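The values are calculated or read from the model by the stated rules, or taken from the named source; none is laboratory data. Just so we're clear, the structure is a prediction, and the values are computed from it rather than from any experiment. Methodologically, a virtual Cβ is constructed for each residue, glycine included, from the backbone with ideal geometry; neighbour enumeration extends over all protein chains shown. All accessible areas refer to the heavy atoms of the entire protein, side chains included, with ligands and DNA or RNA removed. Shrake-Rupley method; radii C 1.70, N 1.55, O 1.52, S 1.80 Å.
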Amino acid sequence: MFTVYNVMKILLLRLPINSACKIASVGGMVSSKFYFEWLVRYPPLGLLYYGALLKQKGHTVKLLDGELMGYTINHITALAKQFNPDIIFSSVNIYNPQFEFETLKVLKDTLRCHIIARGHFPRLYPEETIVNKQIDFALTGKGFHSVIDITDAIEKKVPFENVKGIIYTDNGNIIKTANEEAFNFDTIPFPARELIDNSVCTTALSKYDTFTTMTASIGCPYSCTYCVDRYIPYQTRSIENVIAEIEECINKLSIKEIMFLDSTFTIDRNWCMHFCNEIIKRKLTFAWAIRTRADLVDDELLATFAKSGCISIHYGIESGNEQILQNLHRNMSLSQIKTAIELTIQKGMEVLGFFMIGNEGETTETVHDTMRFAQSLPLHFAQFNVVFPMPPSDTYERVKKKFGVDIWLEAYKGKNIPPDSCKPPNSTLSLKGLDYFANKAYLMFYLRPKQLWRLLTFKYAPYIAIRIFKILLIHIKQYFKRLSITPSSK
Ligand code: SF4
């Protein structure tokens, strides 16, 4: 049957990162706010997918990105008032839900519109989300079907119980509908990147303007204990579909660099080889980067990656101790990691290694093993994260069982959390100790003459210097742009 959709005004919202955000330690030495505003300025890909789906149905869509544009609640309220939306879809992050709910309350009090929460927090804690009166609905899944169905139901004023993948209240009763159906990535339109200023998207390690992110697959079939992506069924897009999105990015938006955000890009070696050969065959000129496991690359694959424009590989290394790698169910050896990194460097690509401090069974000795291992590798960059148990990982479930508290919920409610529950159950180091070691790991890795020389003589060193200057310019430009926004009278 042919469905007629009427035009609604829909605002997609990514709220700014709260500077008081507590239990999110990204990168050890830097705050989450600094990390996302200065180092990793990714576009809001999930919201851009919603934008594409809603535009396809004829709705008028606007996106406000508080994170990338540095907007305060006053800026967001003023801009939202000008647009006067019928519906707001807002991300609610697990890191600072309290702040985001407060911000959405201000919007609800100012604008007479439906507010729909989506993202990590509503997916993990739907009941806790919907008890906030300013939230009319929350999406309990990825939302690629629900976003259209709920918009249609609001527009046509039909009952909501048939919309899958939502939670709402009716006469004080919480109604949670059936889960939304699985989606086929190839049937979803490409993210509506035209909704944002792509020139403000970049990372401290990007080489070219203009930059964007993309996803060629979701989920992961491995079973690392701390990981949340393993619970998402692995699904790859077709090569034709990914190539078509790349061509759209190059031709319509002059994108020159793409970071693939797949959890593990090289799971399907055959897919990767065909993908690279298609890039070469079509003479697509763009730089790209991926994240993967060190045991899923080989000489031929890396050579093909480099030939087709891959300039950087980010490896999840996590620890320099074999026993810790076993505790994490990583199923790979230190020698495999070393070989993969050396091969990647040989092919002329940049290499970044991710390490975790505070792993399952971590001791002072194993942390030092990790520091020593990081320094023994010819890495260009290393990132040392302090481990936080993330729901619904194994680590998180064991912490919850051991301490009888859900740390994320307790933090959301503003309660005091037992410090030991913010780290894996069998780590003997204190939280303070973990921070100390993460910072020490950075200093010992980067402040070595050998590493400084490696970075200074690295072929991309001038690009990175230019990039840092450009990020500064973005912030200056945005400062003046924000000045031109008339504050909301509310
Ligand atoms: S950590 Fe990486 S390899 Fe392990 S399950 Fe998660 S995505 Fe897969």
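Residue-wise, which Karplus ³J(HN,Hα) couplings in Hz belong to region 109-118, taking 6.51 cos²θ - 1.76 cosθ + 1.60, θ = phi - 60°, and x for glycine or proline?
5, 8, 10, 8, 9, 7, 10, 10, 8, 9
How are the alpha carbon pair distances in region 136-295 distributed across 5 Å bins from zero to the largest one, expressed in percent?
1, 8, 14, 16, 16, 15, 12, 9, 6, 3, 1, 0
Return the loop-located chymotrypsin sites (Phe, Trp or Tyr not before Pro) in region 438-490 (DSSP other than H, G, I, E, B) with at most 14 other Cβ atoms within 10 Å of their own Cβ; answer none if there are none. Walk me through the numbers before you get to the answer.
Details: sites: Tyr442, Phe445, Tyr446, Trp453, Phe458, Tyr460, Tyr463, Phe469, Tyr479, Phe480; in loops: Phe458, Tyr460.
Those satisfying the criteria are Phe458.
Dividing the Cα convex hull volume of region 9-176 by residue count, how many Å³ per residue is that?
Value for region 9-176: 108 Å³ per residue.
By the scheme Lys and Arg +1, Asp and Glu -1, what is the net charge of all other residues having a beta-carbon under 12 Å from that of Ala178?
-2
Can you tell me the orientation of helix 73-83 relative to the chain, as the angle in degrees between its alpha-carbon axis and the longest Cα principal axis, to the nearest 10?
50 degrees
Once the other residues with Cβ under 15 Å from the Cβ of Val367 are scored (Lys, Arg +1; Asp, Glu -1), what is the net sum?
After counting each charged neighbour, the total is -3.
Within the accessible area of the chain, what % is carbon and sulfur when the probe is 1.4 Å and the other protein chains stay in place? Kindly include the intermediate steps, with their values, before the conclusion.
Numbers: 11670 of 21080 Å².
The C+S portion of the solvent-accessible surface of the chain is 55 percent.
Which of Met356, Ala289, Leu455 sits farthest toward the positive end of the charge dipole of the chain, with +1 on the Cβ of Lys and Arg and -1 on the Cβ of Asp and Glu?
Of the listed residues, the answer is Leu455.
Taking amide H positions as placed 1.01 Å from N in the peptide plane, with prolines and chain starts having none, which residues 5 or more places from Thr169, or on another chain, fall under 5 Å of its amide H?
Result for Thr169 returns Ile175.
In Å², what does the accessible area per residue of region 184-262 work out to with a 1.4 Å probe?
Details: 2820 Å² over 79 residues.
Each residue of region 184-262 exposes 36 Å² on average to a 1.4 Å probe.
Sequence-distant or interchain residues sharing an amide H contact under 5 Å with Ser312, placed H: which?
Trp288, Ile290, Glu350
Per residue, how large is the accessible surface of region 9-176? Use a 1.4 angstrom probe and give square angstrom.
Numbers: 6520 Å² over 168 residues.
Heavy-atom SASA per residue in region 9-176 reads 39 Å².
What is the dipole size for the chain, taken about its Cα centre, with +1 at each Lys and Arg Cβ and -1 at each Asp and Glu Cβ, in debye to the nearest 20?
Working: 56 positive and 48 negative charges, 272 e Å.
Here the chain has a charge dipole of around 1300 debye.
Dividing the convex hull volume of the alpha carbon atoms of the chain by its residue count, what do you get in Å³ per residue? Don't jump to the answer; show the numbers that get you there.
Working: hull volume 73.1 nm³, N = 490.
Expressed per residue, the convex hull around the Cα atoms of the chain is 149 Å³.
Can you tell me the relative contact order of the chain? Whole percent, Cα pairs under 8 Å, sequence separation 6 or more.
Dividing the mean separation by the residue count of the chain yields 14 percent.
For Thr210, Thr339, Thr292, write out the residues from largest to smallest accessible area, computed with a 1.4 angstrom probe and no ligands counted. Walk me through the numbers on the way to the answer.
Values: Thr210 30, Thr339 75, Thr292 10 Å².
Ranked from most to least accessible, the order is Thr339, Thr210, Thr292.
Putting +1 on Lys and Arg Cβ atoms and -1 on Asp and Glu Cβ atoms, find which of Tyr42, Val30, Cys113 reaches farthest to the positive end of the dipole of region 9-176.
Tyr42
Under the rule of at least 5 residues apart or a separate chain, name every residue whose amide H is placed under 5 Å from the amide H of Ile94.
Under 5 Å from the amide H of Ile94: His120, Phe121.
Apply the a/c threshold of 1.5 to the C-alpha gyration tensor of region 199-246 and tell me whether it is rounded, prolate or oblate.
Verdict is oblate for region 199-246.
About its Cα centre, what dipole magnitude does region 203-357 give when the only charges are +1 on Lys and Arg Cβ and -1 on Asp and Glu Cβ, stated in debye to the nearest 20?
It comes to approximately 160 debye.
Could you tell me how many degrees, from 0 to 90 and to the nearest 10, lie between the Cα long axis of helix 394-403 and the main elongation axis, the longest principal axis, of the Cα atoms of the chain?
Once rounded, the angle reads 80 degrees.
About the Cα centre of region 9-176, what is the dipole size in debye to 20, counting +1 per Lys and Arg Cβ and -1 per Asp and Glu Cβ, all else neutral?
Dipole about the Cα centre, nearest 20: 260 debye.
Starting from the exponent 0.38 and prefactor 2.2 Å, build the expected Rg for region 277-400 from its residue count and divide its actual Cα Rg by it.
1.18
Through the Karplus equation 6.51 cos²θ - 1.76 cosθ + 1.60, θ set to phi - 60°, convert the phi angles of region 289-294 into ³J(HN,Hα) values in whole Hz; use x for Gly and Pro.
For region 289-294, the Karplus curve yields 9, 9, 10, 7, 8, 5 Hz.
Taking θ as phi - 60°, what are the ³J(HN,Hα) couplings along region 338-354 by the Karplus curve (6.51, -1.76, 1.60), each to the nearest whole Hz, with x for Gly and Pro?
4, 4, 4, 5, 5, 5, 5, 5, 4, 7, x, 9, 7, 10, 10, x, 9
Round to a whole angstrom and tell me the spacing of the C-alpha centers of region 416-441 and region 449-490.
For region 416-441 versus region 449-490, the Cα centre distance is 32 Å.
Would you compute, from DSSP H runs of 4+ residues alone, the mean residue ellipticity of the chain at 222 nm, taking -39500 (n - 2.57) per run and dividing by the full residue count, rounded to the nearest 500?
The helix-only estimate for the chain comes to -12000 deg cm²/dmol at 222 nm.
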